[in-house]
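The values are calculated or read from the model by the stated rules, or taken from the named source; none is laboratory data. What you see is a predicted model, and the numbers here were worked out from it, not measured in a lab. Ideal geometry is used to build each Cβ from the backbone, glycine not excepted, and the neighbour counts take in all protein chains shown. SASA here: full protein model, heavy atoms, side chains in, ligands and nucleic acids out. Shrake-Rupley method; radii C 1.70, N 1.55, O 1.52, S 1.80 Å.
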Amino acid sequence: MTQAEINPTAHASGNAATDKFKAGRVSSDTSKERANAIYTDLLAAIAEVAHKHQVTYDEYRVLKQWMIDVGEYGEWPLWLDVFVEHEIEEINYDRHEYTGTKGSIEGPYYVENAPKLPAKCEMPMRDQDKAQTPLIFKGQVTDVDGNPLSGATLELWHADADGYYSQFAPNIPEWNLRGTIVTDEEGRYEIKTLQPAPYQIPADGPTGWFIDSYGGHPWRPAHLHLMVKHPGHRSITTQLYFKGGEWTDNDVATAVKPELLLDPQQDADGNNVVNYSFALDKED
């Protein structure tokens, strides 16, 4: 077995993320007037940066080649989700004046239709995953007034202990560490999974070259991804991090917020246990 078959390259991982994104074509109802305003300001901002820093033709050509490389490596979902999505998420929370649980970025590794699991469950995982520190994640889904939301769904996905996501890396079962948990009549859930670890985003391609060019790092803190839904309520997409964890104060994606930090406590059986609940706003 080759190293590429064990560890996914940026090219392979990027193409997988791009293929997933392209499979669900999206559109918006943006008017021509609004599009014109956005594009005009965007191009003006690029022009301002170019003039401020007196960008040379060589630098411009490097940028053009890099943009081509990002596309050929399939890394636009990765690059945009790491460096831009956190701003879009914050804008859309603030503009609606929501009062429920705050969200975070989705990232490029979401896959819909993960298998349904009961309110108290164990995530699908391999024997080698079970050798890692167990994490019990429990809580309740309510509306903003504290009323429980029975039958709410929590789509949970996260990387394994090596930082790899199922369906985006080789030799991992399709739904490993992915599931759609359905809350009980009190809106509660209790999920057993593994304690994830920090990981590097794919860095051997143009996203990594971009980070190297300014002396940055490609590390993300350990986190859980969740998408929480209930009919008639605003869905929450978020990432939850671990208090005191490595890279929480220096996340390459700048997506960590104080409200999203978990503080696990170890129980008598050696499990890390954490309580975290979600309050969903009414749909607009």
statement: Amide H proximity to L117 below 5 Å, modelled H, separation 5+ or other chain, gives T180, I181, V182
field: Accessible area, probe 1.4 Å, largest first, for residues R220, R95, R188
entry: R95, R188, R220
message: Running a GNM on the chain with Cα contacts under 10 Å, which residue among P148, P206, P221 ends up with the highest mean-square fluctuation?
response: P148
task: For E122, list long-range residues whose amide hydrogen, built 1.01 Å from N in the peptide plane, is under 5 Å from its own amide hydrogen.
output: K192
- prompt: Which whole-angstrom value gives the distance between the alpha carbon centres of region 25-52 and region 215-229?
  reply: 28
task: Express the accessible area of the chain per residue in Å², computed with a 1.4 Å probe while the remaining protein chains stay in the model.
output: 55
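Take each of the peptides 223-230, 125-132, average the number of other beta-carbon atoms within 10 Å over its residues, and list them starting from the highest.
On the way: 223-230: 22.4, 125-132: 13.8.
Highest mean packing first, the order is 223-230, 125-132.
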message: If each DSSP helix of 4+ residues adds -39,500 (n - 2.57) and the sum is divided by the residues in the chain, what number results at 222 nm, nearest 500 deg cm²/dmol?
response: -9000 deg cm²/dmol
- request: Kindly express, to the nearest 10 degrees and within the range 0 to 90, the angle between helix 57-72's C-alpha long axis and the longest C-alpha principal axis of the chain.
  value: 40
task: Report, in whole Å, the centroid distance computed from the Cα atoms of region 59-73 and region 123-198.
output: 37
statement: Around N272 (Cβ within 15 Å, Cβ-to-Cβ, excluding N272; K/R +1, D/E -1) the net charge comes to -2
task: Would you mind telling me the share, in percent, of accessible area of the chain contributed by carbon and sulfur at probe 1.4 angstrom?
output: 51
- prompt: Karplus couplings for region 76-83 from phi (6.51 cos²θ - 1.76 cosθ + 1.60, θ = phi - 60°), rounded to Hz, Gly and Pro as x?
  reply: 4, x, 5, 5, 5, 5, 6, 9
query: Per-residue accessible area for S235 at 1.4 Å probe radius, Å² rounded to 10?
result: 50
- prompt: If amide H atoms are built 1.01 Å from N in the plane of the peptide, which residues on other chains or at least 5 residues away come under 5 Å of the amide H of R188?
  reply: V141
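For region 195-284, run through the chymotrypsin sites (Phe, Trp or Tyr not before Pro) and keep only the ones in DSSP coil with at most 11 other Cβ atoms within 10 Å of their Cβ. Walk me through the numbers on the way to the answer.
Numbers: sites: Y199, W209, F210, Y214, W219, Y241, F242, W247, Y276, F278; in loops: Y214, W247, Y276.
Here the chymotrypsin sites (Phe, Trp or Tyr not before Pro) that fit, given the DSSP loop and packing criteria, are Y214.
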message: Let me cross-check T133: its accessible surface, 1.4 Å probe, with only protein heavy atoms counted, in Å² to the nearest 10?
response: 60
statement: The helix 10-23 Cα axis meets the longest alpha-carbon principal axis of the chain at an angle in degrees, between 0 and 90 and rounded to 10, of 80
statement: Rounded to the nearest 10 Å², the accessible area of T238 using a 1.4 Å probe with every protein chain kept is 0
- request: Can you tell me the 0 to 90 degree angle between the C-alpha axis of helix 85-95 and the longest principal axis of the chain, rounded to 10?
  value: 70
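Where in the chain lies the longest segment free of GluC sites (Glu not before Pro) that are both loop residues by DSSP (not H, G, I, E, B) and have at most 13 other Cβ atoms within 10 Å? Write out the running numbers ahead of the final one.
On the way: sites that count: E97, E112, E174, E185, E186, E246, E283.
Of all site-free stretches, the longest is 1-96.
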- line: Residue-ordered couplings for region 109-120, obtained by feeding phi - 60° into the Karplus form 6.51 cos²θ - 1.76 cosθ + 1.60 and rounding to whole Hz (Gly and Pro as x), are 10, 6, 10, 6, 6, 5, x, 6, 10, x, 4, 10
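Could you tell me the convex hull volume per residue, in Å³, taken over the Cα atoms of region 69-170? Mind showing how you got there, number by number?
On the way: hull volume 15.5 nm³, N = 102.
Once divided by residue count, the hull of region 69-170 is 152 Å³.
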